[in-house]
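The values are calculated or read from the model by the stated rules, or taken from the named source; none is laboratory data. These numbers were taken from a predicted model, which means no experiment stands behind them. Cβ placement follows ideal geometry from the backbone for every residue including glycine, while neighbour counts extend to all protein chains displayed. Accessible surface is based on the protein model in full, side chains and every heavy atom, while ligands, DNA and RNA are left aside. Shrake-Rupley method; radii C 1.70, N 1.55, O 1.52, S 1.80 Å.
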Amino acid sequence: EYKGCKIKIVPSIHAILDGHVSISQIRDVRVEDLLNRSTSSVDLAEVSKYLCGKRVMVTGAGGSIGSELCRQVAKFDPEMLILVGRGENSLYHIDIELSESEPDLNRPVVVGDIRDRSKIDLIMQKYRPHIIFHAAAHKHVKFMETHPDEAVKNNILGTKSLIDAAIKHHVQAFILVSSDKAVNPTS
């Protein structure tokens, strides 16, 4: 439902005109309908076992992908969810949302840039994350093609500084979260 309107999938106009339609073919929109590919299934019990009780850090936590990761991780009862990002406004919004949906969640919010090695080191020392979901990246390929220097600084050098810090601080798992905004999306 969107602003009081229900959104449904209906058969094609040709099927309606040909009389090959039943009321059961009208249904709610599913995520799979919006993707131009098949979905993959996730074993929620396995995910829960993996995240429950862990200190989980999400970089790019205020972005569209990072904030959704935060919403999902928060449901699995982590010990702590560390929200890291450059934009304080977007971090503020996801923090407010999580304070309402998961009020007991320990969720420090850190404004910082993944390219800043000393800041990343301080974050690692203070919060000692077990798991990092790295979503902080410039993802709009066409735009980055006109600013390759920024893409390299953020997506390559920033990721490298984060990986180095994760190794140094014995992070158990580092998950690089890609995007469907790639030139030829496959995942």
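Extending 7 Å from Cα along the Cβ direction at GLU97 and again at LYS8 yields two label points whose distance is 2.9 nm.
What do you get for Rg/Rh over the range 58-187 if you use C-alpha atoms and the Kirkwood form of Rh? Write down the numbers at each step before the final one.
Details: Rg = 14.4 Å, Rh = 15.0 Å.
Reported Rg/Rh, Kirkwood definition of Rh: 0.96.
Please say if the range 93-157 is rounded, prolate or oblate, where rounded means a/c under 1.5 for a ≥ b ≥ c the square roots of the C-alpha gyration tensor eigenvalues, and otherwise the choice is prolate for a/b larger than b/c and oblate otherwise? Oblate shape, in that a/c is at least 1.5 and b/c is the bigger or equal ratio. With a 1.4 Å probe rolled over the protein heavy atoms of all chains, the accessible area of HIS170, HIS20 falls in the order HIS170, HIS20, largest first. For the range 72-159, lysine pairs separated by 8 or more sequence positions, or belonging to different chains, with Cα-Cα distances below 29 Å total 9. Packing-based ranking of 112-123, 147-158 yields 112-123, 147-158, ordered from highest to lowest mean Cβ neighbour count within 10 Å.
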